[in-house]
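Only one structure is covered here, and it is reproduced in the block below.
Each value in this text was obtained by applying a stated rule to the coordinates, not by laboratory testing. In this text the structure is predicted, and so the values were computed from the model without any measurement. Counting neighbours? That spans all protein chains shown, and the Cβs are built from the backbone with ideal geometry, glycine included.
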Amino acid sequence: MKAYIEQRADPYILRKDGWYYFTASVPEFDRIVLRKARTLKELPDAVEKVVWVRHPQGPMSCNIWAPEIHFVDGKWYIYFAAARTGADESGCYDHRIYALENESADPMEGSFVEKGRIDTGWESFSLDSTTAVFQGKRYFIWAQRDFDIPGNSNLYIAEMKNALELKLPAVRLSIPEYDWECQGFLVNEGPSCLIHDGNLFLTYSASATDERYAMGMLSLPQGADPLDAASWKKSPVPVMVSEPENELFGPGHNSFTVDEEGHDWLVFHARPYPGFHGTALSDPNRHCFLRRVQYSAEGTPVFQAERRPNEQ
């Protein structure tokens, strides 16, 4: 399967007012980039602009991960994770979630200004934030570590007071519990929201970031409260896994966009081979891919490619 955009991991595409905006993690993890195009087909060749660069030292100086661009209350925001140093001796990172703001009509113009950390309610490894409006309210969803729960990260949600503040405490939605979520690392991360026929679907990624990386999903029916953890239904099986026949290994950290006709598309990264060339962070070849979302007769999104009868 041909890559949509090469060497861009954790991809995010926003469509607004007839324009597409794309951002993603770069292999150097040292900056945030943005590109803009009229159509999805034009994005791969669109000029890419660096809108922010990591600090030379301090808490925003290392491993800049998973930026997302959103338009909230008339301004542009980029939410991202940044660390002070690399992993410690036990393999743990010290990321926190930060925000940039741009008041320009076009985020490719003007400047993104640092607005500080997003307070999630407690101090621990936190990353992969997203935001979505459901039933008239805006919510913030992210991954964070709870030292009382085994594993690196769980998924949390909170209603937003505004673009930079949350109504706390947060509600925990999911922890790594199934075998396919605990391969190599116990991880739930990279949440993304898809609304279809009034239902909210929350996808996420789990396990180590090699070929075992896989996508899971939680579902919330129309009319239910996103802050009621019991209202969410979690799929006990992954909704997307590696597809060797398509040379897609470790699909995950996805987002969603729509094409010019309004059809839903899955935006995700994957490697074209199993394992790593080097290490998980030194291997630059997590590429961005696109796949149109299909829906079952019951209205549930389907992301996995249909396999032929002779394939296992």
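Test of understanding: ordering Tyr156, Tyr93 by Cβ neighbours within 10 Å, fewest first, what list do you get?
The fewest-first ordering by Cβ neighbours comes to Tyr93, Tyr156.
Placing +1 on the Cβ of each Lys and Arg and -1 on the Cβ of each Asp and Glu in the range 9-302, which of Phe256, Gly275, Asn102 has its Cα farthest towards the positive end of the resulting dipole?
Working it through, the farthest residue towards the positive pole turns out to be Asn102.
Please state, rounded to one decimal and in Å, the Kirkwood hydrodynamic radius that the range 76-198 gives when every pair of distinct Cα atoms enters the mean of 1/r.
When all Cα pairs of the range 76-198 are included, the Kirkwood radius is 15.7 Å.
Cut-off is 10 Å between beta-carbons; in what order do Arg35, Arg172 appear when sorted fewest neighbours first?
Arg172, Arg35
What nm value, rounded to one decimal, do you get for the distance between Ile195 and Lys16 when each label is placed 7 Å out toward the C-beta?
Here the modelled spin labels are 1.6 nm apart.
Mind checking the full-extension length gain between Lys167 and Glu6? Use 0.36 nm per residue of separation minus the Cα-Cα distance, one decimal, nm.
Using 0.36 nm per residue and subtracting the Cα-Cα distance, I get 54.2 nm.
Can you give the FRET efficiency to the nearest 0.05 for Leu281 and Trp122, using r as the Cβ-Cβ distance and R₀ = 25 Å?
Approximately 0.45, to the nearest 0.05.
Which one is right for this structure if percent of Cα pairs over 35 Å apart is calculated from it: (i) 12; (ii) 42; (iii) 48?
(i)
Would you calculate the convex hull of the Cα atoms in the range 1-78 and tell me its volume per residue in Å³?
Value for the range 1-78: 99 Å³ per residue.
If the reach is capped at under 20 angstrom between alpha carbons, list the lysines near Lys41, excluding any in the same chain fewer than eight residues apart.
The reachable lysines, counting only those whose Cα sits under 20 Å from Lys41, are Lys2, Lys16, Lys49.
Could you give the distance between the Cα centres of the range 254-283 and the range 4-66, to the whole Å?
Between the Cα centres of the range 254-283 and the range 4-66 lies a distance of 13 Å.
In whole percent, what relative contact order does the chain give with Cα contacts below 8 Å and a gap of six or more residues?
Reported as a whole number, the value is 14 percent.
So, counting K/R as plus one and D/E as minus one, what does the shell of residues with Cβ under 9 Å around Tyr295 add up to?
-3
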